[in-house]
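Everything below concerns the one structure shown next.
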Amino acid sequence: MVSLGLALALQGTTRTIAIDERLATDASLHVGDRVVVASTPGAAGDTVIVGAILSRRADPSEIARDEYRVRLHLDHLQELIGYGDRVDRFAVATRDSSGAERARTAINDVAFGFRAHRSRDVAIETSQTFRVVSRFHRAIGVITIVASAIFLLCILLLKVDERRRDVAALRLLGLSRRTVLGAVVLEAAFVALVGSLVGTAIGALASAAVNAYYQAHYRTPLRFSIVTPDIIALAALLSILLGIAAGTLAALRLVRARPLALMGR
Amino acid sequence: MRLHLAIASLTRHRARTALAILGVAVAAAMLLDMVMLSSGMRESFGALLESRGFSIRLAPRGTLPFDTDATIGGASEIVAVLTRNPDITVVSPVLGATVHVVEGADRTTAFAIGVHPAVQGDYEVERGADALAGDSFVANEEFATATGARVGDTLTLATGYSPQLRAYGGERRAVFSGVARFLYLSRGQPAIAMPLATLQAMGGTERRDRASLFMVRVREGAAPDSVQRWIEQTVPRVDAISTREALARVDERLAYFRQMALILGGVSLLVGFLLVTTLVTVSVNQRIGEIAVQRAMGISRAHVVHQIVAESLAISLLGAGVGLALGLVTARWLNGILASFPGLPTAIDFFLFQPRAAWTALGLLVASGILAGVYPSWRAASLPVARTLREEAVA
């Protein structure tokens, strides 16, 4: 996306280039500035005019590379690096996805010295790094869920255990085991639900902080952490199920005991 | 006596104590993993770079070794200049290229390096002989598997494939002299190494007397930093990168993992701390009468504090013991996931076990265990004895 001005028209014989905003910031360049571009350090190169400044795309493949991007007209770059009438690749747009497959097959049938690939296949091939990172994040997520589950179980067991005298009193008043069990389990589920709501709010704040930090650190619009409804639903469901399980376990132990024993008599 | 009372208190609620220990164990495992992750990559990469004693690497200006296809011209002159410095003991020029094995209709593509076999630091010969003769090469197991070649076979190797002409720039018949393990290449990448002059000759005029990289070994006792400065002044068309600088660049590129390790390690420690604090606080609340009786019998505040801190410390230590073992297992699992990073040298470990990492994790857990006992012990020690006894009696 062009964020600052459009490419300027050729001024005499001086060509224009587009640079990315990272280079513009670091080198204090502005639209209209004259710079020298060369294919090797120290070579004479060409004097060109900065015609546009481009903002960075949210491309994960770019974040680890602290590099600058310069865009030249194709013939200009070919001339600058002595590449002749050659290109590294062609991007071909088709009307629809079935057209893409037909075009790929047709090109490969007549291709001489090159191959056509679907963008999707290229993306799969080049996204290996991010698939590894994604698998690593999922593994860390599993460990975190196990740790959280144990923490939740422990806290809810303690919470229910603290109610032993109340349970004894209710039982002595004549309430059935079933009613007491239901009440304790409901309380545990409520605590788990409120806890998961508070946790979601903390998670959303943490996610915003992570995005703010890493977007500034890597100078990219990429979102590093996303809180989706699916994630919230999973966290809340897991929390409530664990809460009910822990509440039931602890409550069963309480209602099976004699009320006077719960009172310490 | 204090320890006995602490153990008695913990064994009174076995299920609760077991869950707390398990919780601390998972937190401890995560903490150990994160301590290992925060330093593992750096240590592992540093060890790899220094494994053959080369402490400086020269790459084309503005690039990192093998980061681009750029090469450095006048390689033999650079070697001659560098070896004149008495602090430099070995200079190993390396040229990288893509080679194709041309045997019938089969085509296998491999990464090739041209080296001086006598001084190279890129591979270790495991079977057979080094590629000392001009028309010979060593290759890794992946290459042998991909081509089906065996040591002693003669293969046709070619470089400079032109897609337009469907022809190669240079071909050479060469003997597969030995199987080698390449130190800096990623898993699954077929690779060969051959004499530098052979690979340069196969590349034609474009590759004549050129190298992609120079590896420099410095005399023992000499300062690599001053040699690096001398190189940059003497050969200004190259970037001289010391191991220290290379590690700094790796640190920069992998800062994400280090920061994540710091955050997750901190969260793990906090979770363990909260778990122990909560458990011990509830435990103190439940036996408030018992503690009041102890105080009424003349047992000192310090004794009560020690007993409660011992409880929290016992949970933390037991959890840490289980957690450190669990952490080694999970670290292996996580390292297995990250090892499949494309382009990562096989020898790099993200989770590198070092005794220092285990001691750091254990130290943090012990400190957190002691801190976790502070609040409940303060609460127990500051009980108003008479009022508590009266309230407990009424209850």
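Nothing in this text is a laboratory measurement; each read-out follows from the coordinates by a stated rule. In this text the structure is predicted, and so the values were computed from the model without any measurement. Positions of Cβ are backbone-derived with ideal geometry, glycine not excepted, and every protein chain shown enters the neighbour counts.
Positive end of the dipole of the stretch A:128-262 (Cβ unit charges, origin at the Cα centre): among A:His137, A:Ala245, A:Gly203, the Cα lying farthest that way belongs to A:Ala245.
Roughly how many whole Å is it from the C-alpha centroid of the stretch B:293-356 to that of the stretch A:178-193? The stretch B:293-356 and the stretch A:178-193 have Cα centres spaced 34 Å from each other. Between the Cα long axis of helix B:224-234 and the first principal axis of chain B there is an angle of about 40°, rounded to the nearest 10. Placing dummy labels 7 Å off each Cα toward the beta-carbon, the span from A:Ala201 to B:Val293 is 4.3 nm. For A:Val210 and B:Thr68, FRET efficiency with R0 = 30 Å and r from the beta-carbon atoms, rounded to 0.05? My answer for the efficiency is 0.40. Within the stretch B:145-244, the GluC sites (Glu not before Pro) that combine a DSSP coil assignment with at most 13 other C-beta atoms in a 10 angstrom radius are B:Glu220. Taking N as the residue count of the stretch A:128-262, its C-alpha radius of gyration divided by 2.2 N^0.38 Å amounts to 1.43. Listed values for the stretch A:218-231 are Karplus-derived 3J(HN,Hα) couplings in whole Hz (6.51 cos²θ - 1.76 cosθ + 1.60, θ = phi - 60°), namely 8, 6, 9, x, 4, 8, 8, 9, 10, 9, 9, x, 4, 5, and x replaces Gly and Pro. For the protein assembly as shown, the antiparallel share of DSSP beta bridges with both residues in that region comes to about 80%. When its C-alpha radius of gyration is set against 2.2 N^0.38 Å (N residues), the stretch B:323-395 gives a value of 2.08. Overall shape of the stretch B:54-129 was characterised from the C-alpha gyration tensor. The equivalent ellipsoid obtained from it has semi-axes of 28, 17, 11 Å, in decreasing order. Short to long, the 10 Å bins of the Cα pair-distance histogram for the stretch A:36-174 hold 8, 17, 21, 18, 10, 8, 8, 6, 4, 1 percent of all pairs. Residues considered: A:Arg115, A:Arg57, A:Arg138. Largest GNM mean-square fluctuation over chain A, using C-alpha springs under 10 Å, is found at A:Arg115. For chain A, the alpha-carbon radius of gyration amounts to 1.73 times the rule-of-thumb value 2.2 N^0.38 Å expected for a compact globular protein. Using only side-chain charges placed at the Cβ, +1 for Lys and Arg and -1 for Asp and Glu, the dipole size of the stretch B:183-340 relative to its Cα centre rounds to 160 debye. Figure legend: label point modelled 7 angstrom from the Cα of A:Ala123 along Cα→Cβ; residues of the stretch A:18-57 with amide N under 18 Å from it are A:57.
In the stretch B:138-284, the C-alpha radius of gyration followed by the widest Cα-Cα span (Dmax) gives 25.6, 84 angstrom. Where only DSSP H runs of four or more residues are counted, the protein assembly as shown gives -18500 deg cm²/dmol as its mean residue ellipticity at 222 nm, each run worth -39500 (n - 2.57). For B:Thr89, nonlocal amide neighbours, meaning residues 5 or more places apart or on other chains whose placed amide H falls under 5 Å from its own, are B:Arg217, B:Val218, B:Arg219.
Volume per residue for the stretch B:275-320 equals 60 cubic angstrom (convex hull of Cα atoms). Dipole check for chain B: with +1 at the C-beta of Lys and Arg, -1 at the C-beta of Asp and Glu, and the Cα centre as origin, the magnitude is about 1480 Debye.
Normalising by residue count, the stretch B:198-276 has a Cα convex hull of 198 Å³ per residue. Here the stretch B:62-236 is treated with +1 on each Lys and Arg Cβ and -1 on each Asp and Glu Cβ, and its dipole about the Cα centre works out to around 200 debye.
Sorting B:Asp135, A:Asp121 from the fewest to the most surrounding beta carbons within 10 angstrom yields A:Asp121, B:Asp135. Between 0 and 90 degrees, the angle of helix A:128-161 with respect to the longest Cα principal axis of chain A falls at about 20 degrees.
Counting every alpha-carbon pair across chain B, the share separated by more than 41 Å comes to 40%. Roughly speaking, what is the centre-to-centre gap between the stretch A:79-117 and the stretch B:207-245 when only Cα atoms are used, to the nearest Å? After rounding, the separation between the Cα centres reads 42 Å. Helix B:2-12 and the long axis of chain B differ in direction by around 90°, with both axes built from C-alpha atoms.
For the stretch B:225-357, the mean projected area of the C-alpha convex hull, equal to one quarter of the hull surface, is 13.4 nm².
Rounded to the nearest whole angstrom, the semi-axes of the ellipsoid equivalent to the stretch B:62-236, taken from the Cα gyration tensor as √(5λ), stand at 30, 18, 13, largest first. Using just the C-alpha positions of the protein assembly as shown as equal point scatterers, what log10 of I(q)/I(0) does the Debye formula give at each q in 0.09 1/Å? Calculated log10 I(q)/I(0) at the listed q: -0.95.
Around the amide H of A:Asp20, modelled in the peptide plane, lie the amide H atoms of A:Leu54, A:Arg69, all under 5 Å away and 5 or more residues distant in sequence or on another chain. Relative contact order of chain B: 29 percent, from C-alpha pairs under 8 Å at least 6 residues apart in sequence. Each residue, A:Ser176 and A:Ile145, gets one label point 7 Å from its Cα in the Cβ direction; the gap between the two is 3.7 nm.
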